Amino acid sequence: MSFEAYLNCFEGGEESYFPTSIIEEAFAPFITRREAEFSCWVVTYDDTSSADLYLNFDPGDASRCSGFTVARPPDDPRLYEALWKILRVTNSVVYCLGECPPMVGRPETIPHLNPDMVETLGSPVVVLDGDEISKRFEQS
């Protein structure tokens, strides 16, 4: 797949942060390189399946992150399972451009989303696993 996916955290409609360690735990042991200059982590699943994660660190505290961009997400279920793990424990949403609705991992996240984002992208849906995220991205 050649597109970008975005994961962002919200609290009361505004950008918020969660511990960067949540991303680390979700993608370990597949993080193969960290490029601090670009706030980029390279995630590699095999010789033909990798993605770059561009993290949005808190400017004052890199132990906190508001989300990240996934550049060229591969068609690998481990990536989508990692995204779902993050959605299940944070007030985050994952989305891409196109016909795909914004996705959350738990219903209590929905009231925290930015209303302008919801107006632009549509009503959020609660996804049940990483496979559902992958299928919704494929349909967009």
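The values are calculated or read from the model by the stated rules, or taken from the named source; none is laboratory data. These numbers were taken from a predicted model, which means no experiment stands behind them. Neighbour counts run over all protein chains shown; Cβ positions are idealised from the backbone, glycine included.
Values as computed for the structure displayed
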{"item": "Residue that is modelled with the highest pLDDT [pool: residues in the stretch 7-36 that are aliphatic (A, V, I, L, M) and surrounded by fewer than 16 Cβ atoms within 10 Å (Cβ to Cβ)]", "result": "Ile31"}
{"item": "Members of the stretch 30-60 that are closer than 13 Å to Ala71 by Cβ, in contact with a strand residue (DSSP E or B) (Cβ under 6 Å, 6 or more places away or on another chain) and of a type outside the set (D, E, K, R)", "result": "Ser39, Cys40, Trp41, Val42, Val43, Ser50, Ala51, Leu53, Tyr54, Leu55"}
{"item": "Neighbours by Cβ (under 7 Å, 6+ apart or cross-chain): first from the stretch 115-136, farther than 18 Å from Glu11 by Cβ; second acidic (Asp, Glu) and in a helix (DSSP H, G or I)", "result": "Gly130/Glu81"}
{"item": "Qualifying positions in the stretch 16-43 - touching a residue at least 12 places away in the same chain (Cβ under 8 Å), part of a helix (DSSP H, G or I) and over 15 Å from the mean Cα position of the chain (by Cα)", "result": "Phe38"}
{"item": "Subset of the stretch 37-77 that is crowded, with 16+ Cβ neighbours inside 10 Å and of a type in the set (D, E, K, R) - its residue that is nearest to Glu11 (Cα to Cα)", "result": "Arg64"}
